[in-house]
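Encoded as structure tokens, the structure appears first; notes follow it.
Read-outs throughout are calculated quantities, based only on the coordinates presented, and are distinct from any laboratory measurement. Since the model is a prediction, treat every value here as computed from it, not as a measurement. Every residue, glycine as well, gets a Cβ built from its backbone with ideal geometry; the counts of neighbours run over all protein chains shown.
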There are 2 protein chains.
Amino acid sequence: MVIRSKELCRRVLENQHKLIQFLQMRLCSNQKIQELAKYEEDDFPRTISSSIKYAVQPQPNQIQHQQDVGQQFKYSDISVRLAGPHQLQPKPDVDDLAFGKYFTDHMLKIQYHRRLGGWLKPEITPFENLVLHPAAKVFHYAVELFEGIKAYRGVDGRIRVFRPEMNMARMNLTAYRSGLPTFDAEEMVKSMARLISIDSEWVPHTESASLYIRPTLIGIEPTLGVASSESALMYTILSPVGPYFKPGHKGGLTLYADPKYVRAWPGGCGDRKMGSNYAPTIHVQKEAQAHGCHQVLWLYGEDHQLTEVGVMNIFMVYVNEDGVKELITPPLNGLILPGITRDSIIQLAKELGDVRVREDVITMPMVKKLLQKGRLLELFGSGTAAVISPIERIHYLGEQLHIPTLEQEDSLSKYLLKTLTDIQYGKLDHPWAYVID
Amino acid sequence: MVIRSKELCRRVLENQHKLIQFLQMRLCSNQKIQELAKYEEDDFPRTISSSIKYAVQPQPNQIQHQQDVGQQFKYSDISVRLAGPHQLQPKPDVDDLAFGKYFTDHMLKIQYHRRLGGWLKPEITPFENLVLHPAAKVFHYAVELFEGIKAYRGVDGRIRVFRPEMNMARMNLTAYRSGLPTFDAEEMVKSMARLISIDSEWVPHTESASLYIRPTLIGIEPTLGVASSESALMYTILSPVGPYFKPGHKGGLTLYADPKYVRAWPGGCGDRKMGSNYAPTIHVQKEAQAHGCHQVLWLYGEDHQLTEVGVMNIFMVYVNEDGVKELITPPLNGLILPGITRDSIIQLAKELGDVRVREDVITMPMVKKLLQKGRLLELFGSGTAAVISPIERIHYLGEQLHIPTLEQEDSLSKYLLKTLTDIQYGKLDHPWAYVID
């Protein structure tokens, strides 16, 4: 019987429950899995030495809590209420996954009530609707924030989460800026790991998909004044996801760059992952699509600085005036979301060594000039949902600018994508991968 | 028995149900009510002639709907499910009202589902919690918007709503900018009027309070992509409210003006009443309070333009270089919410005729210079929730600027407040008051 790879993926996903038992019981010893992993690794040379000193990241225990936040929750207090067999959802076909359309069987919830002294105990429950007062602040004043993390099924069958402590540190910074309670990031990572562990069958058995983790924090105090919410709900839902861009999307992204729309500005919150940064982009995204483009390229200022692309950070590879290849991305100047993938790319490229890495302003006149001189090599977006997405064309002030990202033989974006996914799927042993047992 | 006015208010509010019956059945004929109204009116001269030509306002039927919005809802299709006696809430003491803390017995809900063809039929139900999928776009991307309107119990006992068609026109503009469905504003006004009529006992029988009407539109499609919501819920809740600022607040507002925080910017959505404009302000509001101020004065640009104050528009009264008294407010340049109270003030001041009215930029250096020369007379905020709020002090770059708003003998802000509330409470017959029978 000939089974094509697409069909195989589908069958694996649909039958992963049985398959896991089958593999564990009958076919694969750990040794076999390790051999398979080694074989995969040899396809691509290891370029990251284990002696690398990684930049010091903000640690969860370095978070400064608000003085009056009250008691913190602890993972050890977690309660688990499992879904009954009748509540379990069928797992979708891997080709149908798209992005954020299906959800797993359980969720994590942690309530905060200042009048009850702070955070309550974490609870894992069957996936269920939220029941909220219609005056809850989240519905009126966008008192809400989120994170996006992914869990990957490694080639060794183990589940890896990519740098969750970075997301939790960022989530606390966003909570602080939103007037929502901060929390102990390490306890939250452990609580999420438990949730993933319970719904582990939902982590797709394929490298073309992953389990998207969506921690969300909303203000639920039911009063209409514009003020800090005295009550909050932090919840995490899980969604098996395929590519962020539509299935069938081949080639690079096309971008719509119109300086009349501005995503973020100095003195605002564009560098925090607040819900309020997204609503204003939806109309502009529709306009981009009406112009035949996939995403918006967000510009800022008189000099038309490139800031972000859709929901991603942006990178450019070019040859500078000295003939040296450089990777450049806009600096964290308050207009840019401090992406975890962005940070990882910067570190990986610095380790690679054969490209100069720089955080600096990129402007549209610069892009046009480099294109004219044939010195712009690649332009790509980066993010947890979209990973690394090459850019092919920019629609800018009536012009169509072709970007030769996909035509590079020695492509930096391809190398970075391969390295990142190798870490995520366990082909490269790396401290960025948080293993869930 | 001596009953003081505060106690009287409380008793009236607590017993308004019985009182209405009592008044209707026993004591007051309509004639008597009209006499009482006339007496109140004579306390303050009528200054608005009925021959005024009001500026043409955007009419609900002029709204351009999105092409693909689908079917509209109609008031005539409304269904009403009344609360049972056990569900009725006790009415709070008028002194306890504060802002948006208590809610009435019923609410209005209208669902929108693109796949079902558009808007469904309006429903009035007992006030109840919303049950929503945890991936609903409102929780993640702030796909939400609202309006604030007030209903007033007039001196003739009739209920008046202030210019609701203006709010509905603005709500449609906001919906369009948020990728949410637009609706027939006139049908919405009628549906809200029915709701208010059902909960009419909740409209306080006092001029120190009113019924705040909060129409809200949220995106409820349960998918995680940043995109238009294919499903939406428009609901309206009602809250009897006292003053927006804390009870016991005497004198004028003190403002914290720090140019490092920016509320809105060109190319953004600062001129639309989206939830996303509010979340970023909460932290700054806390900082204002930490500096001993009531509200934030939002500045913009190198020249420190005054844009808004807290959740209000801002007005200044000053003597210009030619010795002429002017009322000035920032223009609708995209940074400013087009307030209904703002619009009303501009029209009333133009009708008054003894002050020049101008929409133009006001900067902090201008404010300082005018103060030095003794030519700044008044500074005040305007909004539905806060009506007209005089400003007493600005904390600006380490300086404390005293504003003599409360010291004017011939106070324009007091005149405007009196005229507005006279229209709202039915002492002045005026087309801005929408009477609910």
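Label-to-label distances for B:PRO126 across copies, nearest first, come out at 2.5 nm, using points 7 Å from Cα in the beta-carbon direction.
Averaging 1/r across all pairs of distinct Cα atoms in region A:75-243 and inverting the result yields a Kirkwood radius of 16.7 Å. Counting every pair of alpha carbons in region A:185-265, the share spaced more than 16 Å apart comes to 71 percent. Take B:ASN320, move 7 Å from Cα toward the beta carbon, and the resulting point lies 5.5 nm from the same point in each other copy, nearest first. Of the GluC sites (Glu not before Pro) found in region B:351-434, the ones in coil according to DSSP and having at most 12 other Cβ atoms within 10 Å of their Cβ are B:GLU409.
Sequentially through region A:138-152, phi angles give Karplus couplings (6.51, -1.76, 1.60; θ = phi - 60°) of 4, 7, 10, 10, 6, 7, 6, 7, 8, 9, x, 9, 10, 10, 10 Hz, Gly and Pro residues having no value and appearing as x. With its label point defined 7 Å out from Cα along the Cα-to-Cβ axis, B:ASP360 lies at 4.4 nm from the matching points of the other copies, in increasing order. Distance distribution note for region A:331-374: the fraction of Cα pairs above 18 angstrom is 46%. For region A:253-425, the number of Lys pairs with C-alpha atoms closer than 20 Å, counting only pairs eight or more positions apart or on separate chains, is 10. Across all directions, the average projected area of the convex hull around the alpha carbons of region B:73-135 is 6.7 nm². What's the percent breakdown of Cα-Cα distances in region B:213-301 across 5 Å bins, shortest bin first? Pair shares across the bins are 3, 10, 14, 17, 17, 16, 12, 8, 2, 1.
Restricting attention to region B:75-243, lysine pairs at least eight places apart or on different chains and with alpha-carbon atoms under 19 angstrom apart total 9.
For region A:253-425, the fraction of alpha-carbon pairs lying more than 23 Å apart is 35 percent, rounded to a whole number. Under a 5 Å amide H cut-off, with hydrogens placed 1.01 Å from N, A:VAL80 pairs with A:ILE124 among residues at least 5 apart or on other chains. Looking at region A:181-253, the trypsin sites (Lys or Arg not before Pro) that sit in a DSSP loop and have at most 11 other Cβ atoms within 10 Å of their own Cβ are A:LYS250.
A crude spin-label estimate for the pair B:GLU399 and A:GLN289, with each label 7 Å from Cα along the Cβ direction, gives 5.1 nm. Each residue of region A:284-295 was assigned a 3J(HN,Hα) from its phi angle through the Karplus expression (A = 6.51, B = -1.76, C = 1.60, θ = phi - 60°), giving 5, 4, 4, 5, 4, 5, 5, 8, x, 10, 7, 9 Hz with x at Gly and Pro. Normalising by residue count, region B:323-437 has a Cα convex hull of 128 Å³ per residue. Between amide H atoms placed 1.01 Å from N, distances below 5 Å from B:LEU379 occur with B:VAL317, B:ILE391, B:THR405, all of them 5 or more places distant or on a separate chain.
Here the Karplus relation 6.51 cos²θ - 1.76 cosθ + 1.60, evaluated at θ = phi - 60°, turns the backbone of region B:166-178 into coupling constants of 5, 4, 5, 5, 5, 4, 5, 4, 5, 4, 4, 6, 9 Hz, with x for every Gly and Pro.
For B:GLU230, the amide hydrogen comes within under 5 Å of the amide hydrogens of B:GLU221, counting only partners 5 or more places away or on other chains and with H modelled in the peptide plane.
Counted over region A:379-437 with a bin width of 5 Å, the fraction of Cα pairs per bin, in whole percents, is 4, 16, 20, 19, 16, 10, 6, 5, 3, 1, 0.
Relative contact order of region B:213-344: 20 percent, from C-alpha pairs under 8 Å at least 6 residues apart in sequence.
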